[in-house]
Each structure stands twice: as C-alpha cells, then as structure tokens.
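Notes follow the structure.
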Amino acid sequence: MPETDLQLLERAAREAGEIALRCWRREPRFWDKGGDAGPVSEADLAVNDHLENLLRKARRDYGWLSEESSDSPERLGDGPVFVLDPIDGTRAFLDGQQGFSHSLAVVRDGRPVAGVVHLPAMKLTYAATADGDATLNGRKIGAAAHDIDGATALASKITFAPALWRDAELPPLKREFRPSLAWRLSLGGEGRFNAALSLRGTWEWDVAAGCLIAERAGCVITDCRGQRPVFNATHPKLDGFIAAPPRLHQQIMGRLAP
C-alpha cells in the first residue's frame, strides 16, 4: 500500500530526530537571524535540508513552507502544502534541554489534515489526521475539561501582561511554560494541561501540526479574535491562538481585552 501523508510525516520526523540528536548537547554552531527572529543552528539547517529532500521527493506536487527555507508564492496554489518547523524550540535545543520538537503538517484548503510533533530527546511522537484520533506514541489522547478557576495553561510570560486582559485583570489560570509551541498544543491535547495560548503573532510553521493534534483531541482552536485559523496564508502568521476544551475556551475568550 502507498505511504499515507501521516506515515510519511512520522517517518520524516523520526529521521529529523536522529539528525538533531547527533548535534544536541555537542555545541553546534549557531547565529542570530536578526529582526527579533531568534537563533538558528547548523542542526536546524541540516534537518530542514533533509526534510525538504525527503518530503518533496515523496510528494512532488505539494507546496513548501518552512521556517528555514526561502518562501515562494508557488505554495499559494490550490494544492496541498507541507508546513513545518525543522526544530521548534531552538533556544532549548541549544541550551541542552529536552523540550524541542519537530513540527510537521500537511495543509489542504487552509486546514491541517495530517500533523506530527516529535520530541526525539523524550521519545514522544504526537500525531493526528483531520478524520482520525489524536495519538501519543500510538495511544489515543484527549483534552481535559476544566473551568477557568485553577485551570492550567501553557503560555509565555508576555501572554499574562495585564493590558491583554479585560479591565487589566488576569484570569485565574495557573501558568506554566514549555519551550516549543508545538509541544504546548500537543500537551493541551494530551490533557496534561487544560489550555495552551499565545496572544501575539504566531508563525504557521510553529503551530500547524499542534493545532490539528489539539483539535482532534477535543480542543477548540481559534485566534485571538475567535476565528478558526486559516493556514497557508500569503503572510503566514496567525493572530495568536487559544486552544482549550469548549467551555474553558469560551471563558478565556470572555476575559480577553476588547
């Protein structure tokens, strides 16, 4: 039988992990990309080169959108597109932390239809398709419902700046942090945390796979305006995201500054 898109992404993610781990904790070369874009390492580029060669050879008619590749308007056609971040959480990777991931998705008609988030140092692989379950290492996962009082939310410190919330009143959420946006969304889908959110611009490649995993696990996914995110946009940046089970999602939205 031909390899499905999900099987292809899973294979690609495992191979990406092998490349990354050969550089991890071995002082890889890195430099700053400038423009507040953060660091990039030789491992990011090596993984990106491998993924582009593997995936585009396997699906020659698919478009390509990656953090570490030059963008092209060719991806804006009607066909499917790979949307990926070779290493999500590069700072954590360079610091020797385990919480970096490979985030790979296939997007069709603006929606992710297959997605994989792989954390090679932790041996974790989250996966989902648009018509199937969300899984962790092959086991079905599901989001954990909770009212806003005391719910756990994965977010950066800036997300809890008072100016971003109605009447400058912070919501009664217990904030925690993980370095990879894709992993945060996957953890929300796993039910380890009740929500994942970011209230600032978010690149598509960071969250396409994680959004699908969280959604198929039972989360509602919207941007900060309450709109379902559309992927493969001309400018591939979302207006943040909120991922949570339905009631909690509604409660968080109700607390945001207008």
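The values are calculated or read from the model by the stated rules, or taken from the named source; none is laboratory data. In this text the structure is predicted, and so the values were computed from the model without any measurement. Heads up, the Cβs are rebuilt from the backbone with ideal geometry, glycines too, and the neighbour counts pull from every protein chain shown.
Checking the stated criteria, A105 turns out not to satisfy the condition of being surrounded by 19 or more Cβ atoms within 10 Å (Cβ to Cβ) and not in a strand (DSSP E or B). Sub-9 Å Cβ pairs linking a first residue in the range 212-228 that is within 13 Å of G132 (Cβ to Cβ) to a second residue that is among the polar types (S, T, N, Q) and buried (at least 24 other Cβ atoms within 10 Å of the Cβ), at least 6 apart or interchain, are I213/S186; A217/S186, ordered by first then second residue. A Cβ distance below 6 Å, combined with a sequence gap of six or more or placement on separate chains, defines the contacts here; from the range 24-45, residues that are β-branched (V, I, T) reach residues that are at pLDDT below 95 and in a loop (DSSP other than H, G, I, E, B) in the pairs V40/K33. Within the range 155-170, not a single residue is polar (S, T, N, Q), surrounded by 14 or more Cβ atoms within 10 Å (Cβ to Cβ), at pLDDT 95 or above and within 22 Å of V113 (Cα to Cα).
Residues in the range 210-240 that are touching a Pro at 6+ places or on another chain (Cβ under 8 Å) and assigned to a strand (DSSP E or B) were compared, and the one that is farthest from E67 (Cα to Cα) is V220.
The condition of being in contact with a helix residue (DSSP H, G or I) (Cβ under 8 Å, 6 or more places away or on another chain), assigned to a loop (DSSP other than H, G, I, E, B) and buried (at least 24 other Cβ atoms within 10 Å of the Cβ) does not hold for A128.
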